[in-house]
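Here the structure comes first, spelled out in structure tokens, and everything after it is commentary.
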Amino acid sequence: AGVPVQVEALLRWDHPGRGLLAPGEFLVDEDDSTLLVRIGWSVVIEAARRAGAWRRTFPHPPVTVTVNLFDDHLARRDLPNRIEHLMRDNEVVGPHALAFEVGEHHLLDQRLRTRDRLMVLLNVLVVVAVMGRHLKLILKK
């Protein structure tokens, strides 16, 4: 009772004048995809680091850390390998330790071959949540 079993990594900026801002309020220049990818990847790295630490601190019940992936992350061919290395480096072990949420449009877009990458991620991550307007599909190994 009272023990967390799942947390979500959320990106926020504590702006000195405007208070707590969501990404849509401060990441407005979508033309700078390099910056978005770097910021997003830093969130993924921190989520993996905390997932490993929480798994060691609270092994029962195990905590799942969920993080959103940007479109540009999913377009990377090396995404599954990068995630696998991150998990190993941070000792993120066990089923459901780290979960990713992606937009449903990624399953439909053949050009990005995202569906193939998501299937490879299932072998590494165990959980991928596909978020849509009225859809939450959890794919488990």
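Per-structure values
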{"read-out": "Hey, residue 30 part of a helix (DSSP H, G or I) and either modelled with pLDDT of 80 or more or farther than 22 Å from residue 91 by Cα (or both) or not", "value": "no"}
{"read-out": "Meets criteria (in contact with a Pro (Cβ under 6 Å, 6 or more places away or on another chain) and in contact (Cβ under 8 Å) with a residue 40 or more places away in the chain) for residue 5", "value": "yes"}
{"read-out": "Residue check for residue 86: at pLDDT 80 or above, surrounded by 14 or more Cβ atoms within 10 Å (Cβ to Cβ) and touching a helix residue (DSSP H, G or I) at 6+ places or on another chain (Cβ under 6 Å)", "value": "yes"}
{"read-out": "Hits in region 49-91 (condition: over 23 Å from residue 2 (Cα atoms) and of a type in the set (A, V, I, L, M, F, W, C))", "value": "69, 70, 74, 75, 79, 83, 86, 87"}
{"read-out": "Conditions (1) within 23 Å of residue 99 (Cα to Cα); (2) modelled with pLDDT of 90 or more; (3) loosely packed, with under 10 Cβ neighbours inside 10 Å: number failed by residue 24", "value": "(2)"}
{"read-out": "Unique match (being assigned to a helix (DSSP H, G or I) and modelled with pLDDT of 80 or more) among 65, 124, 44, 120", "value": "44"}
{"read-out": "Inter-residue pairs, beta-carbon under 6 Å, first closer than 15 Å to residue 58 by Cβ and β-branched (Val, Ile, Thr) and in region 84-105, second at pLDDT 80 or above and open to solvent by less than 60 Å² (accessible area, probe 1.4 Å), 6+ apart", "value": "92/48; 92/51; 92/52; 92/98"}
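The values are calculated or read from the model by the stated rules, or taken from the named source; none is laboratory data. Owing to the predicted nature of the structure, the values given are computational and were not obtained by experimental measurement. Positions of Cβ are backbone-derived with ideal geometry, glycine not excepted, and every protein chain shown enters the neighbour counts. In case anyone asks, the SASA skips ligands and DNA or RNA and just uses the protein heavy atoms, side chains included. Shrake-Rupley method; radii C 1.70, N 1.55, O 1.52, S 1.80 Å.
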